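Q: Dumping the structure here so I can ask a few things about it.
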Amino acid sequence: MKILEIRVPDTRNSFLKSRMKVVVLQSCDGEVYKQMVDATEKHHRNYCMKWGYDYKRWDGIKLPANTPHPSFAACNRIYLLQDELDSGNYDWAVWLDADSVIVDTNKAFDEFLDEAHCIIACKGGDRPDNWWDINNGVFFLNLRHPMTGILLELWQRNVENHLRHLENQNLIHKVDWDVNNTRWRISDQQHLHLAIKNIADRRLCKIYTGEDHNAFNYDGPFIKQLLRGFGKDDDRLESIRKLVPEK
C-alpha cells in the first residue's frame with residue numbers, strides 16, 4: 001500500500017502576525033542619544049519581526065536649521081512620519097523615543113490601534129479638560145486617517161516658524177536642553193499640541209488617562225519611557241540597558 005505523504009506548512013506562529021501594515025520608527029541626533037537607540041535597536045527589531053511589523057531608524061537632524069542643535073532631533077519624527085504617509089506603504093506608524101523600551105514582547109501594538117482616531121497616546125499632563133495634551137514620546141499615528149496629513153502639515157509649520165523666529169532674531173544660540181525653557185527651546189510636543197488644538201476636533205485623539213495613563217508609556221507594563229526625571233543621561237542609559245533582555 002502506498003502511503004501519501006502530505007507536508008503541512010508550519011503555521012504555529014502565523015497567528016502572531018499583524019493584519020495591519022505597521023512601521024516602528026526611532027531616531028536620534030547621532031551623538032547625544034545614539035547610545036540609547038543602539039541599546040534597544042536589536043531588541044526592537046526582534047519584537048517587530050515576531051509580530052510582523054517593520055522597523056526603521058534614522059540618525060541625524062532633519063529640521064532645516066542653519067545651526068543645528070542636538071535637541072532639534074526631537075523634530076525628526078515630524079519628517080519621518082510625513083515620509084511614511086507619503087509612501088502609502090503602511091496603515092499605522094508607531095513612534096518610540098530614544099529613551100523608550102518595549103518590555104512586554106508578548107503584547108502586540110494591534111490592541112491599541114483604533115481606526116476611528118488619528119493619533120493614540122498616553123496623557124501628557126494631569127488636567128483631563130486638556131483633551132489635546134498627549135505625551136508624544138510613544139504614540140500611534142493612523143496613516144489612513146483623513147486628518148493625518150493636515151495634522152503633520154500644521155505640526156511642521158509650527159516648528160519651522162519657531163525655528164525661523166529664533167534665526168531671524170539671532171537667538172539660536174540660546175537653545176538648550178532645558179525642557180522648561182519654552183521660549184528658546186523648540187518643543188515638538190508643544191507644537192503638536194497647538195496643531196491638535198487648531199484642528200479642534202476632540203475625536204482626533206484617543207488618550208489613555210487615569211489608571212490607564214501608563215498603558216504604553218512612563219513606567220507602564222508594556223512600554224517604559226525613561227524620561228529625564230529618571231536621572232542623568234548615563235544613569236538612564238544604564239537603566240535602559242537593564243530593561244533589554246540578554247540574548
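Q: Looking at the range 228-247, I want the residues that are touching a residue at least 12 places away in the same chain (Cβ under 8 Å) and have a partner that is assigned to a loop (DSSP other than H, G, I, E, B) with Cβ atoms under 7 Å, at least 6 apart or on another chain. Which pairs are those?
A: ARG228/VAL179; ARG236/ASP99; ARG236/LEU226; SER239/LEU226; ILE240/ASP99; ILE240/LEU226; LEU243/VAL103
Q: Can you tell me which residue is nearest to ILE186 (Cα to Cα) among those in the range 35-89 that are of a type outside the set (Gly, Ala, Ser), outside any helix (DSSP H, G or I) and open to solvent by less than 20 Å² (accessible area, probe 1.4 Å)?
A: Going through the qualifying residues, I end up with LEU63.
Q: Among the residues of the range 90-137, what is the count of those that are open to solvent by less than 20 Å² (accessible area, probe 1.4 Å) and closer than 20 Å to ASP219 by Cβ?
A: Residues in the range 90-137 being open to solvent by less than 20 Å² (accessible area, probe 1.4 Å) and closer than 20 Å to ASP219 by Cβ: 17 in total.
Each row is one residue, and each column tells you yes or no for (1) touching a Gly at 6+ places or on another chain (Cβ under 9 Å); (2) in a helix (DSSP H, G or I); (3) at pLDDT below 95.
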site: THR105; (1), (2), (3): no, no, no
site: ALA121; (1), (2), (3): yes, no, no
site: GLY149; (1), (2), (3): no, yes, no
site: LEU152; (1), (2), (3): no, yes, no
site: VAL159; (1), (2), (3): no, yes, no
site: ASN180; (1), (2), (3): no, no, yes
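Q: Take LEU226 and tell me if it is under 17 Å from ASN130 (Cβ atoms) and open to solvent by less than 20 Å² (accessible area, probe 1.4 Å).
A: Numbers: under 17 Å from ASN130 (Cβ atoms): no; open to solvent by less than 20 Å² (accessible area, probe 1.4 Å): yes.
No: the conditions fail for LEU226.
Q: Go through the range 162-178 and give me each residue that's surrounded by fewer than 18 Cβ atoms within 10 Å (Cβ to Cβ), at pLDDT 85 or above and more than 18 Å from ASN76 (Cα to Cα).
A: Within the range 162-178, HIS165, GLU167, ASN168, GLN169, ASN170 meet the criteria.
Q: Next question, about the same structure. Is it true that some residue in the range 115-129 is under 19 Å from ARG228 (Cβ atoms) and without any contact (Cβ under 8 Å) to a residue 40 or more places away in the chain?
A: Kept after step one, since they are under 19 Å from ARG228 (Cβ atoms), are these residues of the range 115-129: 121-126.
Filter once more, keeping what is without any contact (Cβ under 8 Å) to a residue 40 or more places away in the chain: 125-126.
Yes, the range 115-129 has at least one match.
The values are calculated or read from the model by the stated rules, or taken from the named source; none is laboratory data. Keep in mind it's a predicted model, so treat the numbers as computed, not measured. Because the Cβ atoms are built from the backbone with ideal geometry, glycine has one as well, and the counts that use them run over all protein chains shown. Accessible surface areas use protein heavy atoms only, side chains included; no ligands, DNA or RNA. Shrake-Rupley method; radii C 1.70, N 1.55, O 1.52, S 1.80 Å.
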